[in-house]
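Report on the structure given below.
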Ligand SMILES: [Zn+2]
């Protein structure tokens, strides 16, 4: 698949191409569905006037009373998650590896329990179905300005000490109990909630810090090595496919404002490099879910690694 800013991720035919490519076998897939409609920050609307939540723990796929506009927004986000799940299943069935990235489910906020993809049964089913593992991290341990608690679920294994294994745990009222510790061990001055200079503070946190790109590249290279050790599909080839959807969280439901959110567009990029010492993968992940205020287009990036063995 070629990189193109004209790709529209709402277009089923693009996904059919992606699924067909993954079904060739031997791919390593990194997916990061848009997380803006899952944002915990929206539960602080009483403190900072702004977007209202579109879903919660009881209404994982969106409140039933949403306006037609908000219903369309939440359903588009659901569609991306569903298609990413299918991509993971296709990838796994063809002997590939996958990993999903999304904000950690941190439980109760303002007496409300926000919705999270980590509550979706379709996501949790990947654990028994594919033998997936799940762990959470604080991105500040990978070079980010704030902890930005983040969860991964997939078939890429790691023994990195910065990764806290296991599903999120909660007490009786839904308050977060781990596996991430309460404190990351740093003192952070940068605020993630609210607004600074009229921009949502969550916006600059959308990109992956370099350390996280390096960590993911390491996972992928490990997987590529294991392909080389006798995967039935790809004896001599490991391929990486990274889907990163990024949408702005500032575009809709600002008070009195109209939506400037256009159709979701995607770009698809490909590249090749030799396994064992390449860092070009890192460049595949320069944008993550949550979106920055300067981009309103989800991106899809592909990388292919040819094993030099
Ligand atoms: Zn920290």
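The values are calculated or read from the model by the stated rules, or taken from the named source; none is laboratory data. As the structure is a prediction and not an experimental result, all values here were calculated from the model. Positions of Cβ are backbone-derived with ideal geometry, glycine not excepted, and every protein chain shown enters the neighbour counts.
Condition check: modelled with pLDDT of 95 or more, away from the ligand (no atom under 16 Å from the Cβ) and touching a helix residue (DSSP H, G or I) at 6+ places or on another chain (Cβ under 8 Å). Does residue 126 satisfy that? Quick ask: steps written out before the conclusion?
Details: modelled with pLDDT of 95 or more: yes; away from the ligand (no atom under 16 Å from the Cβ): yes; touching a helix residue (DSSP H, G or I) at 6+ places or on another chain (Cβ under 8 Å): yes.
Yes, satisfied.
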> Among (1) out of contact with any strand residue (DSSP E or B) (no Cβ under 9 Å at 6 or more places or on another chain); (2) surrounded by 15 or more Cβ atoms within 10 Å (Cβ to Cβ); (3) in a loop (DSSP other than H, G, I, E, B); (4) at pLDDT 80 or above, which single condition is residue 251 missing?
Replying inline: (4)
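Give me the residue from segment 121-142 that is surrounded by 17 or more Cβ atoms within 10 Å (Cβ to Cβ) and under 23 Å from residue 79 (Cα atoms) and, out of that set, farthest from the chain's Cα centre (by Cα). Explain how you work it out, then say what you get.
Going residue by residue through segment 121-142, those that are surrounded by 17 or more Cβ atoms within 10 Å (Cβ to Cβ) are 123, 126, 130, 132-142.
Checking which are under 23 Å from residue 79 (Cα atoms) leaves us with 123, 126, 130, 132, 134.
Numbers: 123: 12, 126: 15, 130: 18, 132: 16, 134: 13 Å.
Ranking the qualifying residues of segment 121-142, first place goes to 130.
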> Does any residue in segment 74-92 that is in contact (Cβ under 8 Å) with a residue 12 or more places away in the chain come within less than 6 Å, Cβ to Cβ, of a residue that is surrounded by fewer than 20 Cβ atoms within 10 Å (Cβ to Cβ) and in a helix (DSSP H, G or I) six or more places away or on a different chain, and which pairs are these?
Replying inline: 85/122; 90/19; 92/130
> Any idea how many residues of segment 145-185 are under 30 Å from residue 226 (Cα atoms) and either in a loop (DSSP other than H, G, I, E, B) or within 12 Å of the ligand (Cβ to nearest atom) (or both)?
Replying inline: 15
> Going through segment 1-28 one residue at a time, which ones are farther than 21 Å from residue 76 by Cα and in contact (Cβ under 8 Å) with a residue 24 or more places away in the chain?
Replying inline: 1, 2, 3, 21, 22, 23, 24, 25, 26, 27, 28
>> Here's a check for you: in segment 186-199, which residue that is closer than 18 Å to residue 44 by Cα and within 16 Å of the ligand (Cβ to nearest atom) is modelled with the highest pLDDT?
In response: 190
